[in-house]
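Worksheet: one structure, shown below.
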Amino acid sequence: MSGKPGDRGHLDFVTDTVHHLPSPNPYRRPDGMSEAEFGTAKVKDLEDKILELGPEKVACFIAEPLLASGGVIVPPTGYQKATREICRKYDVLYISDEVVTGFGRLGEIFASEPVFDIVPDIITCAKGLTSGYIPLGAFLLSDRLYERVTGEGAKGKFFANGFTYSAHPVACAAGLKNLEIMEREKLCERVRDLGPYFQERFRTLSDLPLVGEVRGSHLMVCVEFVSDRKTKMVPPAEWEIGFRIMRNTMPKGLLVRPMAHLIVLSPPLIVTRAQIDEAVEALRAGIKDTMDELTREGLWRG
Ligand SMILES: Cc1ncc(COP(=O)(O)O)c(C=O)c1O
């Protein structure tokens, strides 16, 4: 389903049944446009696409509440709710992909309703469902859809979309225990409490000249690197900037996830304030080393 160019180079993919919308990334909005205007334009992209394809041909809209592996993109305020309304208007199902955002990352078991005020028709989830200890994914149906696949209208049919390991008892036991621990240790509350501190501390890195933007929400953050802060120019691919940052940060005890010209961090939900301070310090030092390295190699003039 993904439209990320990096995911597409060596694979076949369908173009007739999956359509993509332009990214709702406020950092890359046109010059002079307010974030609110940008948000309205991105919502209109969805409505225009539905009308272009014909509402009767559009089965669903799939969106992450925040675009995690797309670069921790936080859409403009109200984007999720407005796109949900558009889907309702044209009877298009809204699928909220909470594979990353679910199970505490945004301070809630599911972020869709408490954080973004939307009730999706379907939620997909995985990762945090077992805190990653055992592989388990799940999808949740609204009552309305559940009724359609189990109720009167479904008599004589059954929902046959299963996997070899569907409902694997060991994975499900791990999921249940994980939920029990999350509740017992009040991990969602912890993330809600710690999230603003985490965001505020990482945003202090914005003063570094190689940093274009630090963005995120709760316990997920992304640092976007640019070769020119004014033009927001993406550093040339041969700089391998994400990997450089990772290589320079690792010896300082911090492992970051490189993604092209971005690095992403999603720490464990039990991270402490002291560890957040340590991580920010290590990353600052790693970025400084990288700037020195690029200067020495004659690639960057600051
Ligand atoms: C947001 C998001 N959705 C879906 C997936 C894929 O999930 P699964 O492996 O459970 O199909 C990923 C994997 O990283 C993801 O980050």
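Nothing in this text is a laboratory measurement; each read-out follows from the coordinates by a stated rule. Only a predicted model underlies this, so the values are computations on that prediction, with no experimental measurement involved. Every residue, glycine among them, receives a Cβ derived from its backbone with ideal geometry; neighbour counts consider all protein chains shown.
Would you mind counting up the charge near residue 120? Only other residues with Cβ under 13 Å from its Cβ, with Lys and Arg at +1 and Asp and Glu at -1. Please list the in-between numbers first.
On the way: positive: 81, 84, 88, 144; negative: 64, 85, 97, 98, 113, 117, 121, 143.
Once positives and negatives cancel, what remains is -4.
For a 28 Å ceiling on Cα separation, which of these pairs sit above it: 4/44; 57/157; 127/232? Let's see the in-between values first.
Details: 4/44 21 Å; 57/157 24 Å; 127/232 33 Å.
Check vs 28 Å cut-off fails for 127/232.
At 10 °C and 1.306 mPa s, grab the translational diffusion coefficient of segment 187-296 from Stokes-Einstein with a Kirkwood Rh over Cα pairs, rounded to a whole number in µm² per second. Present the calculation step by step, with values, prior to reporting the outcome.
On the way: Rh = 14.1 Å.
Approximately 113 µm²/s, per Stokes-Einstein.
Taking the Cα centre of segment 5-184 as origin and charging only Cβ (+1 Lys, Arg; -1 Asp, Glu), how large is the dipole, in debye to the nearest 20?
Details: 19 positive and 25 negative charges, 66 e Å.
That gives segment 5-184 a dipole magnitude of about 320 debye.
At 0.36 nm per residue, minus the direct Cα-Cα distance, what do residue 1 and residue 158 gain on full extension? Give it in nm, one decimal, please.
On the way: separation 157, 0.36 × 157 = 56.52 nm, distance 2.56 nm.
Result: 54.0 nm gained on full extension.
Pick out, from 70, 159, 220, the residue whose Cα sits farthest towards the positive end of the charge dipole of the chain, with +1 on the Cβ of Lys and Arg and -1 on the Cβ of Asp and Glu.
Towards the positive end, the residue furthest out is 220.
Students often get this wrong: which residues of segment 268-301 have the backbone nitrogen under 18 Å from the point 7 angstrom along Cα-to-C-beta of residue 133?
Of the residues in segment 268-301, 268-271 have backbone N under 18 Å from the label point off residue 133.
Please work out how much length the chain gains when fully extended from residue 33 to residue 167, using 0.36 nm per residue of separation minus the C-alpha to C-alpha distance, in nm with one decimal.
Details: separation 134, 0.36 × 134 = 48.24 nm, distance 4.78 nm.
Between residue 33 and residue 167, full extension yields an extra 43.5 nm.
Extension gain residue 52-residue 232, at 0.36 nm per residue separation less the Cα-Cα distance, in nm?
Details: separation 180, 0.36 × 180 = 64.80 nm, distance 3.21 nm.
Taking residue 52 through residue 232 to full extension adds about 61.6 nm, to one decimal.
Using a Förster distance of 22 Å, how high is the FRET efficiency between residue 278 and residue 204, based on the Cβ-Cβ distance and rounded to 0.05? Don't skip to the end; give the middle numbers.
Working: r = 14 Å, r/R0 = 0.62.
Once the sixth-power term is evaluated, E becomes 0.95.
Report, ordered by chain and residue number, the aspartates and glutamates lying within cross-link reach of residue 49, taken as a straight Cα distance under 19 Å and ignoring same-chain residues fewer than 8 apart.
16, 37, 64, 85, 91
Within 10 Å of each residue's Cβ, count the other Cβ atoms and sort 203, 296 from fewest upward.
On the way: 203 17, 296 9.
Arranged by neighbour count, lowest to highest, 203, 296 become 296, 203.
Taking K and R as +1 and D and E as -1, what net charge do the other residues with C-beta under 13 Å from the C-beta of residue 95 add up to? The partial results should precede the final answer.
Values: positive: 84; negative: 64, 97, 98, 121.
Summing Lys and Arg as +1 and Asp and Glu as -1 gives -3.
Along the three principal axes, how long is the chain when you take its alpha carbons, biggest first, rounded to the nearest angstrom?
Extents along the principal axes: 71, 47, 36 Å.
Relative contact order of the chain, please, whole-number percent, based on alpha carbon pairs below 8 angstrom and at least 6 residues apart. Can you show the working numbers first?
Details: 434 pairs, mean separation 37.5, N = 302.
Reported relative contact order: 12 percent.
Of all beta bridges DSSP finds with both residues in segment 5-184, what is the antiparallel percent, to the nearest 5? Spell out each step's value before the answer.
On the way: 5 of 12 bridges.
Bridges in segment 5-184 that DSSP calls antiparallel: roughly 40 percent.
Would you mind pulling out the separation of the Cα centroids of segment 50-94 and segment 1-33, in Å?
About 13 Å separates the Cα centre of segment 50-94 from the one of segment 1-33.
Once the other residues with Cβ under 12 Å from the Cβ of residue 111 are scored (Lys, Arg +1; Asp, Glu -1), what is the net sum?
Details: positive: 105, 192; negative: 64, 97, 98, 108, 113, 117.
Summing Lys and Arg as +1 and Asp and Glu as -1 gives -4.
Over the C-alpha atoms of segment 5-184, what are the Rg and the largest Cα-to-Cα span, Dmax, in Å?
Cα radius of gyration and Dmax of segment 5-184 are 18.0, 58 Å respectively.
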